[in-house]
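Just below is one structure, and these are the notes that go with it.
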Amino acid sequence: VTAELLVRRMLLRLSTGRAFAALDDVREAVRVSAQYPDSAEYALAVAELADAELWHDEPSGPARAQEAVRLARACGSDKALAYALTANVVRQVIAGGGEGLAEAQEAQAAAACARDFWAFSHAALWTGNCIDGPVSREVTECLLRARVEMTSLGAPHTYAAWISASEALGLLLLGDWHACEERATSRAWVDAWTH
């Protein structure tokens with residue numbers, strides 16, 4: 001439980017802009033849960049440590065991301081798998097080569113099964129990163145599908161707004177300011193939420 005709370009605190013600090021992929025909490029989460037190497041909490045902690053290490057260009061990040069996927073598959077936790085696959089997608093996108101789309105989509109599916117909408121949003125954004133950059137109609141359509149799926153699953157509006165903001169950016173860069181305004185003012189996800 002402590003490990004999961006430490007991971008959650010790191011994600012909350014990231015979401016609120018207090019710290020960007022801070023390593024302290026997730027390192028402690030790995031240390032605390034290491035005595036339970038077959039647990040979902042350990043797999044989750046390793047996944048989020050890998051993700052943070054990748055963002056900080058730590059040499060251990062790539063191998064840890066691959067290990068997180070192995071651990072998550074072994075423990076059978078959809079939640080841990082969603083985070084681990086996304087960390088591995090980050091690794092693949094950073095390395096280049098255009099890989100990771102299938103894993104990003106699998107991460108979204110695992111997050112949906114776990115009803116973990118932070119993980120779902122993160123995976124959806126990385127699915128877009130695997131497809132193309134933000135100036136891509138295909139990416140904005142991918143984000144639209146993710147937002148619709150999240151709202152149909154009953155995700156809190158915060159997560160739908162996160163995806164809407166990303167859609168809005170892409171639409172603005174594509175020159176579709178009417179659709180951008182719709183996403184930015186949240187009319188799109190409010191309409192989806194109420195129907």
(request) Just name the residue that is modelled with the lowest pLDDT out of those in the stretch 116-130 that are open to solvent by 10 Å² or more (accessible area, probe 1.4 Å) and closer than 18 Å to Leu172 by Cα. (result) Asn129
(message) All but one of (1) modelled with pLDDT of 95 or more; (2) open to solvent by less than 20 Å² (accessible area, probe 1.4 Å) hold for Cys113; state the number of the condition that does not hold.
(response) (2)
(message) If I ask for residues that are of a type in the set (Gly, Ala, Ser) and buried (at least 24 other Cβ atoms within 10 Å of the Cβ), which ones from the stretch 53-89 would you list?
(response) Ala65, Ala68, Ala72, Ala80, Ala82, Ala84, Ala87
(request) Go through Ala168, Ala179 for me and flag whichever is without any contact (Cβ under 8 Å) to a residue 60 or more places away in the chain, of a type in the set (Gly, Ala, Ser), in contact with a Leu (Cβ under 7 Å, 6 or more places away or on another chain) and farther than 24 Å from Arg8 by Cα. (result) Ala179
(request) Hey, can you tell me all the residues within the stretch 14-29 that are small (Gly, Ala, Ser) and farther than 12 Å from Thr2 by Cα? (result) Ser15, Gly17, Ala19, Ala21, Ala22
(request) Go through the stretch 1-88 and tell me which helices (runs of 4 or more DSSP H), entirely inside it, have 1 or more residues that are closer than 20 Å to Glu99 by Cα. (result) 40-55, 61-75
(message) If Ala155 satisfies all but one of (1) part of a helix (DSSP H, G or I); (2) modelled with pLDDT of 85 or more, what's the number of the condition it fails?
(response) (1)
(message) I need a count of the residues in the stretch 28-68 that are free of Cβ contacts under 8 Å to residues at least 24 places away in the same chain, of a type outside the set (D, E, K, R) and under 17 Å from Val93 (Cα atoms).
(response) 3
(message) Among the residues in the stretch 95-109, are any of a type outside the set (Gly, Ala, Ser), open to solvent by 10 Å² or more (accessible area, probe 1.4 Å) and assigned to a loop (DSSP other than H, G, I, E, B)?
(response) yes
(message) Please go through the stretch 15-45 and give me each residue that is surrounded by 19 or more Cβ atoms within 10 Å (Cβ to Cβ) and within 15 Å of the chain's Cα centre (by Cα), ordered by number.
(response) Leu44, Ala45
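The values are calculated or read from the model by the stated rules, or taken from the named source; none is laboratory data. Fair warning: this is a prediction, and the values are worked out from it, not measured in the lab. Cβ sites come from the backbone with ideal geometry, for glycine too, and all protein chains shown count toward neighbours. Keep in mind that these areas ignore ligands, DNA and RNA; they rest on the heavy atoms of the full protein, side chains included. Shrake-Rupley method; radii C 1.70, N 1.55, O 1.52, S 1.80 Å.
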